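Worksheet: the structure to be examined is printed underneath.
Nothing in this text is a laboratory measurement; each read-out follows from the coordinates by a stated rule. For clarity, every value in this text was computed on a predicted model and none was experimentally measured. Cβ sites come from the backbone with ideal geometry, for glycine too, and all protein chains shown count toward neighbours.
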Amino acid sequence: MATMRFGSTGDSVLMRNAVFRLMLARAVPMLDNPADKDELEMDAAIGGISFDLLEPGQRHRLARAVHAGFLQLKADVTAGVPLEEPVLPGIQEKLDELIEFMARHLESTEPPSH
């Protein structure tokens, strides 16, 4: 199982590793910063993201990319696009949960304005 966690609230969510990898495959290409891509690749290797351990700018960029990755994965599943890995029945409901989880936390990742 893979985990995503927002430490400021202690809020976390679990998902199957395949769902995590499928999302990351869609999120990484959305990023321009090589350090952001490296972070998501490391997160894939350890099976989770702890957003509270990231500096504010990176936390926001990665949270936006992860949210967009889940949205794209849901669109792919809905459209019947062949996926790189098999998924279990009920994937749509889990993606709804993950999308809502990320949407709930996006605002908290906004870096402070100077």
Within the stretch 1-41, can you find the residues that are free of Cβ contacts under 8 Å to residues at least 24 places away in the same chain, farther than 19 Å from Asp52 by Cα and not in a helix (DSSP H, G or I)?
Asp32
Could you say which residue among Ala25, Ala35 is of a type in the set (A, V, I, L, M, F, W, C), surrounded by fewer than 19 Cβ atoms within 10 Å (Cβ to Cβ) and over 20 Å from Lys94 (Cα atoms)?
Ala35
How about the stretch 1-22: which of its residues are surrounded by fewer than 16 Cβ atoms within 10 Å (Cβ to Cβ) and among the small types (Gly, Ala, Ser)?
Gly7, Ser8, Gly10, Ser12
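Let's see how each residue does on (1) outside any helix (DSSP H, G or I); (2) among the small types (Gly, Ala, Ser); (3) in contact with a Leu (Cβ under 9 Å, 6 or more places away or on another chain); (4) without any contact (Cβ under 8 Å) to a residue 40 or more places away in the chain:
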site	(1), (2), (3), (4)
Arg59	no, no, yes, no
Ala63	no, yes, yes, no
Val66	no, no, yes, no
Phe70	no, no, yes, no
Lys74	no, no, yes, yes
Val81	yes, no, no, yes
Glu85	yes, no, yes, no
Lys94	no, no, yes, no
